[in-house]
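Since the structure comes first, as structure tokens, the remarks are kept for the end.
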Amino acid sequence: MSARADSAPHFPAEPDYLRIEGISKRFDDALAVDNVTLGVRRREIFALLGSSGCGKSTLLRMIAGLERPTAGRIVLDGEDLAEVPAFRRPTNMMFQSYALFPHMSVAGNVAFGLRQERPRLTREQIDARVAEMLELVQLQRYAARKPHELSGGQQQRVALARSLAKEPKLLLLDEPLAALDKKIRQHTQLELVSLIRRVGVTCILVTHDQEEAMTMASRIGVMSEGVLLQVGTPDEIYEHPSCRFTAEFIGETNLFHGRLEDGRLNGSDFPAPLAIAAEAMPAPGTEVWLSVRPERVVLGRQPPAAVNGNVSINAAQGEVDEIAYLGSHSVYHLRLGGGGRRMIASVPSAHWGEASAPARGERVWAWWLAPDGVVLTR
Amino acid sequence: MSSGPAAPVPAPPRRPFFLLRGRFWVASLPWAWLLLFFLLPFVLIVNVSLSTPDLAVPPYVSPFSQPQAEGRPVFPPAFNPDLGSYRRLGDEVADLARPGAELQYLRAFGNSLLLAALTTLCCLLVGYPFAWHIARSAEGTRNTLLMLVMLPFWTSFLLRVYAWMGLLDSSESGLINQALLALGLIDAPLQLLYNSGAVLIGMVYSYLPFMVLPLYANLVKLDMRLLEAARDLGARPWTAFVSITLPLSWRGIVAGSMMVFIPAVGEFVIPDLLGGGGVLMIGRRIWDDFGPNQDWPMAAAVAVVMVLLLIVPIMVFHRHGGRGDGAGEAGP
Amino acid sequence: MTRAATLERRWGARAWLLLVYAFLYVPILCLVVFSFTAGEITTQLDGLSLRWYAALRHDDELGAAVRLSLQVGALAATAAVVVGTAAAVVLARFRPGAGSGVFAAMATAPMVMPEVVVGLSLVLLFTHPMLQPVLGGRGVAAIWAAHTTLCAAYVSVLVQSRLREMDRALEEAALDLGCPPWKVFFVITVPVIAPALVAGWLLAFTLSMDDFVLAAMLSDPGSTTLPVLVFARLHHGLKPEINALATVIVVVVSIAVLVANRVMQRAQRRRRAAMHAALRG
Ligand SMILES: Nc1ncnc2c1ncn2[C@@H]1O[C@H](COP(=O)(O)OP(=O)(O)O)[C@@H](O)[C@H]1O
Ligand SMILES: [Mg+2]
């Protein structure tokens with residue numbers, strides 16, 4: 001775990017509700033989850049984000065008890081779950097495919113978990129709870145339908161109601177919106193968040209969609225190849241990525257690779273040595289990467305004026321190669337110094353004021369302030 | 001968020017996971033059944049094939065049995081195998097070169113293997129285009145066509161062979177002979193029944209669905225766009241068939257062929273009814289040694305040899321088809 | 001491809017299908033036609049009558065054989081579904097462990113193993129001096145056990161393919177919602193694979209009803225199943241009574257198949273219509 005992840009705001013007063021300690025899962029010869037340690041707080045919506053196949057689902061399934069960890073511990077609300085079988089764990093999961101029971105009605109699906117409660121709930125209790133859940137997801141009218149008679153969005157809500165019906169201590173969502181159309185997905189994201197907040201359940205959400213993670217989660221854990229790379233709030237992860245993978249996976253970025261000498265980055269394919277500013281400067285001679293977000297890059301027809309204070313500026317001239325006009329802003333693809341190094345800059349449409357925006361082939365200046373670059377050592 | 005990755009966390013104890021106890025019980029039922037009614041009987045076959053025929057009930061003396069006089073049984077019992085049955089088969093192999101040798105068993109083995117191979121080939125030649133056309137017909141009619149293949153085979157197998165006896169009957173009242181006579185194509189009834197041709201027809205008739213169903217299951221999943229692509233790239237129909245369709249349907253072909261060939265080797269009812277006992281089959285030899293001849297050790301030895309001969313095809317079937325995919329809907 | 005070539009191919013396909021179906025059905029048709037003869041010869045229509053159906057009704061030996069076959073078939077099919085489904089669950093759901101290769105081979109081998117070998121091996125089992133007192137020797141129970149072994153192999157293949165198709169998340173979801181594993185099997189898995197179980201039962205039933213070799217080898221004088229009786233009669237001269245029997249069987253089976261097909265298609269159509277409605281509204 002990185003220094004950055006450890007320095008995420010932490011309140012020792014409230015211990016982590018869910019603690020995952022050094023958990024690993026090996027399938028035959030492949031390590032699907034590699035020594036992950038993680039804490040999730042009560043009532044938090046936590047997103048596990050990573051490209052497909054990186055082990056997110058496996059981690060989630062270990063929490064649910066559907067997969068047995070090769071090593072490590074899972075402690076939920078002070079209870080070690082190691083020896084608790086899946087059907088006795090106080091967690092409920094919503095599956096990527098929804099896994100609605102095809103031979104049961106919507107109400108039957110929602111009631112299924114309640115019927116398994118011991119000591120038994122009375123019929124009235126179950127009916128009341130089912131009605132409450134269906135009202136929560138606004139499907140009262142569909143109680144008697146079979147799952148295949150519902151649209152994708154409705155099925156998703158049934159699955160959600162079913163996994164909330166038992167008031168789990170921990171709600172696990174595996175790619176909850178992946179099966180929906182892009183259009184419905186965006187407004188369902190916010191709906192889902194407000195619903196989870198209303199219920200007040202602690203929730204772990206798995207997704208490969210960074211926008212979804214940013215929109216829904218209060219904190220995000222970035223995974224790659226079974227390793228948890230970084231944990232933080234969405235803006236921490238975006239503004240202060242701890243490694244190249246996070247920087248490139250979340251949003252877009254310009255990466256410059258070089259060696260650290262005299263507080264500058266030398267040897268990169270940027271036309272000049274790069275001025276950098278880091279809280280904790282790595283030792284000279286270290287191989288580092290500088291990540292600069294496109295929206296931190298400023299474009300102009302004139303070279304940048306000096307800035308007050310002792311903030312240095314990195315500037316270079318480049319040729320506009322490609323422009324993608326996206327309404328509120330445009331993305332410029334530049335070729336720096338006439339060489340092969342490309343760079344992207346995201347410029348607000350209002351930036352050019354009265355003047356016309358640069359056209360393809362025009363030479364412009366691109367610059368950014370040294371503190372806007374993030375120094376990465378891995 | 002606390003300790004780094006270095007802190008080793010103990011692995012959970014390797015106790016059987018939650019399902020394990022239940023799993024044991026679920027697995028024990030079919031295991032016990034198969035051990036008792038499939039594996040143990042085969043061990044007994046081997047045991048009996050090493051026994052001496054005897055006028056007793058059952059009619060053999062086990063190689064493990066004690067002489068009666070000794071009184072108390074000893075453990076472990078002495079093992080005195082009688083290789084007589086295998087020796088008889090071995091003698092026939094030795095006699096192979098001698099002209100005029102009787103070769104009862106060897107000839108029966110040869111007949112059975114040949115008949116099974118021919119049956120498999122004919123079923124493949126008839127069944128492949130048949131299954132192909134069913135698989136390529138409209139989705140609605142497919143089920144009906146398939147149903148029509150299986151329907152005859154849900155009726156009695158013996159009665160279907162019986163039907164062929166009436167059709168092929170060599171007298172004037174045989175149905176095919178009647179038709180040919182009426183049409184004036186022949187003057188005297190043909191010898192249609194009680195020959196190898198009749199047996200082959202009956203075999204193909206009975207085993208065809210075992211070929212068609214695995215082939216169909218395979219061909220229906222074949223992506224027609226591959227063939228279109230091949231045609232588009234200029235492949236002639238025959239080239240496209242050999243280079244695309246055939247390799248892709250290979251599993252179906254193997255599954256179907258094995259489902260026909262293996263049981264056909266032991267088949268004797270059809271040859272008996274349609275061949276009139278003139279062509280001796282190895283299944284019939286087992287049946288006779290087991291029944292009228294009361295030579296169970298010989299029957300068992302022949303069965304052991306038959307299983308040894310079939311072990312390779314059975315392994316191939318198991319590898320290629322018996323897994324619930326290709327041959328998933330294998331049974332009629 | 002030209003239009004003419006396509007047409008030619010389509011007619012070629014039709015012709016081939018027709019030819020093979022004729023091959024399959026002409027013999028059966030003949031059986032049916034000659035069951036209505038008034039004469040004694042099985043291949044000549046000497047006037048029309050139902051006399052052979054009357055003979056069938058009054059044939060007590062045949063009646064007893066049919067009853068026995070139905071009983072054995074039903075019991076064997078039921079046992080085969082239990083054993084075969086358990087085997088399918090082991091093969092499709094359990095992690096492979098020691099001996100699972102042997103198990104997989106044993107589970108499918110009865111399907112292809114020549115019947116005469118299986119029959120002989122089971123006779124040796126049931127007549128083994130030490131096992132006979134326990135297993136009861138040859139007879140109806142032995143036939144039942146033999147048929148169960150044979151049919152369980154077919155059932156296990158059918159059920160296995162259905163289990164592999166089934167979304168495993170359904171079982172995991174039930175487990176996750178607090179349902180213990182054994183109950184998951186009965187309330188989730190069984191209903192989902194029910195069509196395969198029904199198909200397996202019917203297949204096992206027909207296989208058992210139709211089996212001659214195993215039944216003949218394992219029967220004792222008190223246990224003559226229908227195929228054993230038919231075989232004996234085929235050897236002792238043919239009478240149109242057998243045609244009548246065949247006709248009855250064909251009609252019963254056809255009706256059963258038609259009804260089953262209709263029910264299944266209707267269910268499917270209803271599902272599809274409901275799905276359309278859901279997508280629209
Ligand atoms: N039951 C399994 N057996 C073997 N490998 C598995 C199994 N489940 C997952 N894996 C492997 O583990 C890795 C992680 O899978 P998963 O957790 O499903 O990824 P994600 O959900 O992030 O897409 C993948 O490489 C996958 O192939
Ligand atoms: Mg996943």
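Interface area, chains A and B: about 1700 Å² of buried accessible surface, summed, with a 1.4 Å probe and ligands, DNA and RNA left out. When each of the peptides B:206-216, A:192-202, C:196-206 is scored by how many other beta carbons lie within 10 Å of its residues on average, the order from highest to lowest is B:206-216, C:196-206, A:192-202.
Volume of the convex hull of chain B (Cα atoms only), normalised per residue: 329 Å³. Of the residues A:GLN154, A:ILE204, A:PHE27, the one whose Cα sits farthest towards the positive end of the charge dipole of chain A is A:GLN154 (charges of +1 on Lys and Arg Cβ, -1 on Asp and Glu Cβ, taken about the Cα centre).
Its residue count N sets the reference 2.2 N^0.38 Å, and the alpha-carbon radius of gyration of region A:206-330 equals 1.21 times that reference. Distance between the 7 Å Cα→Cβ label points at A:ARG363 and C:ARG272: 6.8 nm. Size descriptors for the protein assembly as shown (Cα atoms only): Rg and Dmax, in that order, 37.5, 122 Å. Contact residues in region C:121-151 by the 30 Å² criterion (accessible area, 1.4 Å probe, full protein complex versus chain alone): C:SER121, C:LEU124, C:LEU125, C:THR127, C:HIS128, C:THR149.
Applying 1/(1 + (r/R0)^6) with R0 = 51 Å to the Cβ-Cβ distance of B:LEU309 and A:ALA179, what FRET efficiency is obtained, to the nearest 0.05? Computed FRET efficiency for B:LEU309 and A:ALA179: 0.45. Between the listed residues C:ALA146, C:PHE36, C:VAL159, the Cα displaced farthest toward the positive end of the dipole of chain C, a dipole computed from Cβ unit charges relative to the Cα centre, is found at C:VAL159.
At q = 0.12 Å⁻¹, what base-10 log of I(q)/I(0) does the Debye formula yield for chain A when every alpha carbon is treated as an equal point scatterer in vacuo? Once normalised to I(0) and log-transformed, intensities are -0.97. If R0 equals 51 Å, the separation of the Cβ atoms of B:TRP250 and A:ALA305 corresponds to a calculated FRET efficiency of about 0.10. A probe of 1.4 angstrom, applied to the heavy atoms of all protein chains, finds B:MET258 with accessible area near 40 square angstrom. Inter-part distance, region B:91-136 to region A:319-378, computed on C-alpha centroids, equals 78 Å.
In order along region A:215-220, the Karplus-derived 3J(HN,Hα) couplings, from 6.51 cos²θ - 1.76 cosθ + 1.60 at θ = phi - 60°, round to 5, 9, 8, 7, 9, 10 Hz, and Gly and Pro are given as x. Ranked by the mean number of other Cβ atoms within 10 Å per residue, highest first, peptides B:230-243, A:243-256 order as A:243-256, B:230-243. For region A:324-378, with all protein chains in place and a probe radius of 1.4 Å, 56% of the accessible heavy-atom surface sits on carbon or sulfur. Each of C:VAL159, A:VAL311 has its accessible area taken with a 1.4 Å probe; listed largest first, they run A:VAL311, C:VAL159.
Put C:THR108, B:THR144 in order of accessible area, highest first, and with a 1.4 Å probe you get B:THR144, C:THR108.
If the chain linking B:THR141 and B:VAL43 were pulled fully straight, counting 0.36 nm for each residue of separation and taking away their Cα-Cα distance, it would gain 30.5 nm. Can you give the FRET efficiency to the nearest 0.05 for A:HIS148 and B:PHE24, using r as the Cβ-Cβ distance and R₀ = 41 Å? Step by step, r from the Cβ atoms, then E = 0.70. For the residues A:TYR332, C:TYR25, a 1.4 Å probe over the protein chains yields an accessible-area ranking, largest first, of C:TYR25, A:TYR332. Summarising the label geometry, the points placed 7 Å from Cα in the beta-carbon direction at A:ASN266 and B:VAL93 lie 8.4 nm from one another. With viscosity 1.567 mPa s and temperature 4 °C, the Kirkwood radius over alpha carbon pairs of chain C converts through Stokes-Einstein to a diffusion coefficient of 57 µm²/s. Subtracting the Cα-Cα distance of C:ILE255 and C:LEU70 from 0.36 nm times their residue separation leaves 64.9 nm of extension gain. Only protein atoms count toward the accessible area here, which uses a 1.4 Å probe; on chain C, the carbon and sulfur part of that area reaches 68 percent. Summary of the geometry: region C:35-89 and region C:93-153, compared by the centres of their Cα atoms, lie 26 Å apart. Once backbone amide H atoms are built at 1.01 Å from N, A:GLN230 has A:VAL222 as its partners under 5 Å, excluding neighbours fewer than 5 places away on the same chain. Listed by chain and number, the aspartates and glutamates whose alpha-carbon sits under 19 Å from that of A:LYS166, ignoring those within fewer than 8 places in the same chain, are A:GLU44, A:ASP77, A:GLU79, A:GLU117, A:GLU124, A:ASP127, A:GLU132, A:GLU135, A:ASP174, C:GLU171, C:GLU172, C:ASP176.
Around A:GLU261, which amide H atoms from residues at least 5 apart in sequence, or from another chain, sit under 5 Å from its own amide H, with H modelled in the peptide plane? Amide H neighbours of A:GLU261, under 5 Å, 5+ apart: A:ASN266, A:GLY285. Cα centroid separation, region A:189-254 to region B:144-185: 72 Å. Modelled spin-label separation between A:ALA324 and A:GLU167, with each label point placed 7 Å from Cα along the Cα-to-Cβ direction: 4.8 nm.
The values are calculated or read from the model by the stated rules, or taken from the named source; none is laboratory data. Computed from a predicted model, the values in this text were never measured in an experiment. All Cβ positions, even for glycine, are placed from backbone atoms using ideal geometry, and neighbour counts span all protein chains on display. Quick note on the areas: whole protein, heavy atoms, side chains included, nothing else; ligands and nucleic acids left out. Shrake-Rupley method; radii C 1.70, N 1.55, O 1.52, S 1.80 Å.
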